[in-house]
Amino acid sequence: MQIEFEMSDDIITAILTGELDHHSALSIREDIDHAMQVYRAKNLILDFSSVSFADSSGIGMIMGRYKKVKEKDGCMMLCGCSVYMKRIFEMAGIFTIIEETEERGEAMRQLKERGEENER
Amino acid sequence: MKDNVVTVEFIAIAENERFARMVAAAFVVPFDPTVEEITEIKTAVSEAVSNSVIHAYNSSGEGTIKLEMRSTEKGTITIIVEDYGIGIDDIEAARAPMFTTSALEERSGMGFTIMESFTDKLIVESEKEKGTRVTLVKMLDISCGL
Ligand SMILES: Nc1ncnc2c1ncn2[C@@H]1O[C@H](COP(=O)(O)OP(=O)(O)OP(=O)(O)O)[C@@H](O)[C@H]1O
Ligand SMILES: [Mg+2]
């Protein structure tokens, strides 16, 4: 599994490529936590559009990042989940606490909107 | 198509989780399964094998896992994932959604729930200090090709 980061204001986007399982989740979560620290980003978008496989380790990875983002009063969004990923994420109730969009651009737009609302 | 059996044994390291689900996917290819069926089989196998790696052998990388795959002419696939690790205390509790003994390691306790939902039948047998055997049964829909 590969990971790439994009920064925009205080939003960091992690673009994941490949298969997300127990083995790959171990290093992916460290990479994301490290990047968030280095860039001092509060908000996180996880882009799954190039992820070809995910199992329950993906659920753990998402929930773990969500806790960290919340600790810093940040927001988190998911985008590009396949139908199969949605099925397992739904079983775990992920979408009841973390919002999800098809496109990364839309996730970015929603997070920025929320940021502006908070400033008011 | 004749009944078939393939058995693979490998060491309990995380790298082999991917190997195991690729082997399972390759095993069912002759039945011309749908993308949905392949994804469900790969996911269920990944859950069972990672449980053996993580829980049965405490992520030590020691120990072996046996993957046995059986198919019948009618497209019934039976996949058995067996380990010789610590075993499960209370199987019923373990199978419940959200139950995990590894919450600190970012586990969600959804593995068995996913296996159950992605297969037609899930059997869990376990004995303390002896090991665990998980049987996944999947009936492939091969009628459309006939
Ligand atoms: N092969 C095994 N050997 C010993 N204990 C096991 C085994 N498989 C599962 N368990 C026990 O059953 C529990 C539930 O397993 P399940 O796969 O549902 O959740 P998990 O592995 O804890 O989390 P997740 O699968 O969501 O990452 C585990 O926490 C563990 O205590
Ligand atoms: Mg599990």
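The values are calculated or read from the model by the stated rules, or taken from the named source; none is laboratory data. Everything numeric here is computed off the predicted structure, so don't read it as measured data. Please note: Cβ atoms are built from the backbone with ideal geometry, for glycine as well, and neighbour counts cover all protein chains shown. Accessible surface areas use protein heavy atoms only, side chains included; no ligands, DNA or RNA. Shrake-Rupley method; radii C 1.70, N 1.55, O 1.52, S 1.80 Å.
Figures for the structure shown
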{"quantity": "The stretch A:76-120 - residue that is in contact (Cβ under 8 Å) with a residue 40 or more places away in the chain and closer than 22 Å to A:I28 by Cα and, of those, surrounded by the fewest Cβ atoms within 10 Å (Cβ to Cβ)", "calculated": "A:R104"}
{"quantity": "B:I79 in contact with a Ser or Thr (Cβ under 9 Å, 6 or more places away or on another chain) and under 17 Å from B:K121 (Cβ atoms)", "calculated": "yes"}
{"quantity": "Residue match in the stretch B:131-139 (condition: within 13 Å of chain A (Cβ to nearest Cβ), open to solvent by less than 50 Å² (accessible area, probe 1.4 Å), under 22 Å from B:I41 (Cβ atoms) and more than 7 Å from ligand 1 (Cβ to nearest atom))", "calculated": "no"}
{"quantity": "Test: B:E92 is surrounded by fewer than 22 Cβ atoms within 10 Å (Cβ to Cβ) and part of a helix (DSSP H, G or I)", "calculated": "yes"}
{"quantity": "Of the criteria (1) of a type in the set (A, V, I, L, M); (2) out of contact with any strand residue (DSSP E or B) (no Cβ under 9 Å at 6 or more places or on another chain); (3) farther than 25 Å from B:E47 by Cβ, which one A:A107 fails", "calculated": "(2)"}
{"quantity": "Residues within the stretch B:95-124 that are under 16 Å from the mean Cα position of the chain (by Cα) and open to solvent by less than 80 Å² (accessible area, probe 1.4 Å), tallied", "calculated": "14"}
{"quantity": "Some residue of the stretch B:71-85 being under 14 Å from the mean Cα position of the chain (by Cα) and either within 14 Å of another protein chain (Cβ to nearest Cβ) or modelled with pLDDT under 95 (or both)", "calculated": "yes"}
{"quantity": "Hits in the stretch A:65-120 (condition: outside any helix (DSSP H, G or I), hydroxyl-bearing (S, T, Y) and under 18 Å from A:D55 (Cβ atoms))", "calculated": "A:S82"}
{"quantity": "Subset of the stretch B:30-65 [within 16 Å of ligand 2 (Cβ to nearest atom) and either outside any helix (DSSP H, G or I) or at pLDDT below 95 (or both)]", "calculated": "B:Y57, B:N58, B:S59, B:I65"}
{"quantity": "Residue that is under 11 Å from the mean Cα position of the chain (by Cα) and either farther than 24 Å from A:F53 by Cα or surrounded by fewer than 19 Cβ atoms within 10 Å (Cβ to Cβ) (or both), where the choices are B:E68, B:E127, B:E47", "calculated": "B:E68"}
{"quantity": "Yes/no for A:G64 being within 12 Å of A:L78 (Cβ to Cβ) and among the small types (G, A, S)", "calculated": "no"}
{"quantity": "Sole residue being more than 15 Å from A:A92 (Cβ to Cβ), in a loop (DSSP other than H, G, I, E, B) and in contact (Cβ under 8 Å) with a residue 60 or more places away in the chain, chosen from B:E68, B:E73", "calculated": "B:E73"}
{"quantity": "Inter-residue pairs, beta-carbon under 6 Å, first within 26 Å of B:P30 (Cα to Cα) and open to solvent by 50 Å² or more (accessible area, probe 1.4 Å) and in the stretch B:1-17, second part of a loop (DSSP other than H, G, I, E, B) and not acidic (D, E), 6+ apart", "calculated": "B:D3/B:T72"}
